[in-house]
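The structure appears right after this line, and notes come after that.
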Amino acid sequence: MDLILERLGVEEGVIRRFRQEKITPDIISLMSLYDFNCLGVNDKTTIMKLRVECVCYRSNP
């Protein structure tokens, strides 16, 4: 998950929060805008890119 976030240019603090909350690519598609905002991701374009990128890494397609 860290590599995906780094590739999208997400700040280190946000990456750390994703790690602390144990957010995986499987969870991303289930998260709301509120969830992303709570984790520090407020840009809708970044959220959409993250969702699209994580589709490739889900364990249950």
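Could you state the per residue volume, in Å³, of the convex hull enclosing the Cα atoms of segment 2-55?
Roughly 68 Å³ of hull volume per residue.
If contacts are Cα pairs under 8 angstrom and at least 6 residues apart, what is the relative contact order of the chain in percent? Provide the component values of the computation, followed by the final result.
Working: 39 pairs, mean separation 26.1, N = 61.
So the answer I get is 43 percent.
Can you figure out the FRET efficiency of S59 with R7, using R₀ = 25 Å and their beta-carbon distance, to the nearest 0.05?
0.85
As a proxy for reagent exposure, ranking D2, D35 by other Cβ atoms within 10 Å from fewest up yields D2, D35. In degrees from 0 to 90, rounded to the nearest 10, what is the angle of the helix 44-55 Cα long axis to the longest principal axis of the chain? Tilt of helix 44-55: around 30 degrees.
Bear in mind that the values in this text are calculations on the coordinates, not laboratory data. Fair warning: this is a prediction, and the values are worked out from it, not measured in the lab. With ideal geometry, Cβ positions are generated from the backbone for all residues, glycine too; neighbour counts draw on all protein chains shown.
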